[in-house]
Amino acid sequence: QVRVVESGGAVVQPGESLRLTCTASGTSSIGKMSWYRQAPGKEREFVASITSYLTVNYASGIGGRFAISRDNAKKTIYLQMNSLKPEDTAVYYCEALYDRAFWGQGTQVTVSS
């Protein structure tokens, strides 16, 4: 059984940076991994993804503030978030593809002055 665990969420001020981490376990390899987020009262939305070949894709509107990276050996992805804005406040979820999609429990990011 694949397990996905996110970490790194915190309360930060506008303009600050944060790095989220997501690790998959329970399998020797994992396919595409992605970050999604869900703000209060809104639907979950795609943020960024990265394949095992390190091909990346970002949601429009991220504006170059976020960067996704991956360590295949560790089955871990990262989301570096810079110049954070209050509208980035959300629960950030990680999705890992194996024989199906597996999701983590999420990590809360709050951007507030």
Separation between the Asn57 and Ser28 pseudo-spin-labels, each 7 Å from Cα along Cα→Cβ, expressed in nm? 2.8
Of the candidates Leu79, Tyr93, Ser29, the farthest towards the positive dipole end of the chain (Lys/Arg Cβ +1, Asp/Glu Cβ -1, centred on the Cα centre) is Ser29
Placed amide H near Ser52: partners under 5 Å, 5+ positions off or other chain: Lys32
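Please report, in debye to the nearest 20, how large the charge dipole of the stretch 1-106 is about its Cα centre when each Lys and Arg carries +1 at its beta carbon and each Asp and Glu carries -1 there.
Details: 12 positive and 9 negative charges, 38 e Å.
My answer is approximately 180 debye.
Restricting to lysines 8 or more places apart or on different chains, can you count the pairs in the chain with Cα atoms under 25 Å from each other? Show your work: numbers first, answer last.
Values: Lys32/Lys42; Lys32/Lys74; Lys32/Lys75; Lys42/Lys85.
Number of lysine pairs found: 4.
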Explain nothing, just compute: Karplus ³J(HN,Hα) = 6.51 cos²θ - 1.76 cosθ + 1.60, θ = phi - 60°, for every residue of the stretch 75-88 in order, whole Hz, x for Gly and Pro. 6, 10, 10, 10, 10, 8, 10, 10, 6, 5, 10, x, 6, 7
Could you work out what % of the accessible surface of the stretch 31-113 is carbon and sulfur, using a 1.4 angstrom probe and leaving DNA, RNA and ligands out of the count? 47
If amide hydrogens are placed 1.01 Å from N in the peptide plane, which non-local residues have theirs closer than 5 Å to the one on Glu16? Leu84
How many Å² of accessible area per residue for the chain, probe 1.4 Å? 53
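The values are calculated or read from the model by the stated rules, or taken from the named source; none is laboratory data. Just so you know, these numbers come straight off a predicted model, no measurement behind them. Using ideal geometry, Cβ is built from the backbone for each residue, glycine included, and neighbour counts are taken over all protein chains shown. To get the accessible areas, we keep the full protein, side chains included, count just its heavy atoms, and leave off ligands, DNA and RNA. Shrake-Rupley method; radii C 1.70, N 1.55, O 1.52, S 1.80 Å.
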